[in-house]
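This report concerns only the one structure given below.
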Amino acid sequence: MTPAAPRLLMSSLALAITVSAGVFLSPVQAQTRPDAAGVASAAAVAASAEATQGRARNVILFLADAGGVASINAASLAAYGEPLRLHIQQWPNLGLSETSPVDDFVSDSANGMSAIVTGVKTRNGVISQSPDAVRGQRDGTPTKTLLEYAEEHGLLTGVVTNMPITDATPAATYAHANDRGRWGEIFPQAFSPRFGDGVDVLIGAGRRQIGEQMAARGASFEALSRTHRRPIYAALDQVPAANPRPVVVADQIDVRAAALKALDLLQGSPKGYLLVIEWDAHTDDPRQGLRNIADLDRLIAEIQGRVDLGDTLMLFTADHSFGLQVDGGTRGQDVLEGYDAWKASQADDEVVRLKNVLVNRTHTAEEVPALAIGPGADRVRGYFPNTHLFDVMMGAWGWTSDADRAD
Ligand SMILES: [Zn+2]
């Protein structure tokens, strides 16, 4: 098979899924999901094997915050009425990523994401600092992030989230802090980068709260914007077409529109790019959380249709898992039966008991899925600590971390 053929096949495949998004079962999904014998199509397997060779020019990291194995399964059941219907569940490379901090068993987003983007596990609450940091009291050493490496190498970088742009997960890519709660300290770091010219496309929510926290420190969006000669827009549609490095801090984010805008801008890079896209997948509200996973999955299919898997590594994972389990249900019936009554009752118990779904509304310790396609994706297999994902992404670019170089 020529190198061009599988790429063509994979991108046309993703495109077809994009076009058919919303249809219960597209012909393409039918074609690519495991058939009755449980075997993925030979063409898809061959194509993905081909795509794992060589170096990546671009890396796209999709982070479903709290998207554990059980939540991914439940998202497929809730959205499509069947298991294994998500686009990412067709990807050829799967591993289980262990998320704990250095001192506990269960991770929060700060440690979970810091470990993925710096290769160093730390403590809960700490944003991309070494584990000798004491939350809220003492700084550790800043641990160099994937985004900082990308900036140092002259790539374009982008971070998109439906959550506040200063929330622990996005913050871990561009900031260093001993306490994830210090948004007034975290946000300005995007404008004073340690490497390159800093994150190029930054789009997230949280405008009101970030504004309040900055005001408490005598800062503001306006002052920051003036000092760094960089506008901070309050909505995505305020970004002029001519601005190649937009910062948007809105009250609410349309993740799809934001991600496609970021991709458009980053794809203009002469040297490649890093794009990080986070979508919250906590299932405290099970319907909302599972919907977010299905929506993120559709976005991933759409983005896959716009990139060349011959030079772009796409990686999906979570920062930690969450206590959701499907323990009943019948094909053809809504797996979230009883949700509307629960929602109407406004109950706020720690444990939610629907007919077929039990939600212990807390983070949990078990490993989370890591799924990958594109150059370097074949290193995503087996059980591994989440820090391995940093090595996978660095290795895909062919880069050596400063720590490895010093050894
Ligand atoms: Zn999280």
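The values are calculated or read from the model by the stated rules, or taken from the named source; none is laboratory data. A quick note: this is a predicted structure, and the numbers were derived from the prediction, not measured. Cβ placement follows ideal geometry from the backbone for every residue including glycine, while neighbour counts extend to all protein chains displayed.
Considering the stretch 79-90 alone, what residues qualify as being surrounded by fewer than 22 Cβ atoms within 10 Å (Cβ to Cβ) and touching a helix residue (DSSP H, G or I) at 6+ places or on another chain (Cβ under 9 Å)?
Of everything in the stretch 79-90, those that are surrounded by fewer than 22 Cβ atoms within 10 Å (Cβ to Cβ) and touching a helix residue (DSSP H, G or I) at 6+ places or on another chain (Cβ under 9 Å) turn out to be Ala79, Tyr80, Glu82, Pro83, Leu84, Arg85, Gln89.
So Ala205 ticks every box in (1) crowded, with 19+ Cβ neighbours inside 10 Å; (2) more than 20 Å from Leu275 (Cα to Cα); (3) among the aliphatic types (A, V, I, L, M) but one. Which box is left unticked?
The one condition Ala205 does not meet is (2).
I'd like to check which helices (runs of 4 or more DSSP H) are fully inside the stretch 102-180 and have at least 2 residues that are at positive phi.
Per the criteria, no element qualifies.
Considering only strands (runs of 3 or more DSSP E) fully contained in the stretch 231-333, which possess at least 1 residues that are within 16 Å of the ligand (Cβ to nearest atom)?
Output list reads 273-280, 312-317, 321-326.
Can you name the residue in the stretch 101-158 that is within 15 Å of the ligand (Cβ to nearest atom) and among the aliphatic types (A, V, I, L, M) and, of all such residues, is surrounded by the fewest Cβ atoms within 10 Å (Cβ to Cβ)?
Val106
Hey, among Ala223, Ala219, Ala190, which residue is closer than 20 Å to Asp319 by Cβ and not polar (S, T, N, Q)?
Values: Ala223 fails: closer than 20 Å to Asp319 by Cβ; Ala219 fails: closer than 20 Å to Asp319 by Cβ.
Of Ala223, Ala219, Ala190, the one residue that is closer than 20 Å to Asp319 by Cβ and not polar (S, T, N, Q) is Ala190.
Consider Gly184 carefully, then state whether it is away from the ligand (no atom under 16 Å from the Cβ), assigned to a helix (DSSP H, G or I) and either touching a residue at least 24 places away in the same chain (Cβ under 8 Å) or hydroxyl-bearing (Ser, Thr, Tyr) (or both).
Yes: the conditions hold for Gly184.
Between a first residue in the stretch 344-364 that is without any contact (Cβ under 8 Å) to a residue 24 or more places away in the chain and a second residue that is in a strand (DSSP E or B), which pairs have beta carbons less than 6 Å apart while being 6 or more apart in sequence or on different chains?
These pairs meet every condition: Glu350/Arg361; Val351/Asn360.
Just to be sure before I move on: is Phe316 touching a strand residue (DSSP E or B) at 6+ places or on another chain (Cβ under 9 Å), within 18 Å of Ala115 (Cβ to Cβ) and at pLDDT 95 or above in the structure I sent?
On the way: touching a strand residue (DSSP E or B) at 6+ places or on another chain (Cβ under 9 Å): yes; within 18 Å of Ala115 (Cβ to Cβ): yes; at pLDDT 95 or above: yes.
So Phe316 passes the test.
Write out, first by first residue and then by second, each pair whose Cβ atoms fall under 8 Å of each other, whose residues are 6+ apart or on separate chains, and whose first residue, in the stretch 102-123, is of a type outside the set (A, V, I, L, M) while the second is part of a helix (DSSP H, G or I) and at pLDDT below 95.
Within 8 Å, the pairs are Gly119/Ala403.
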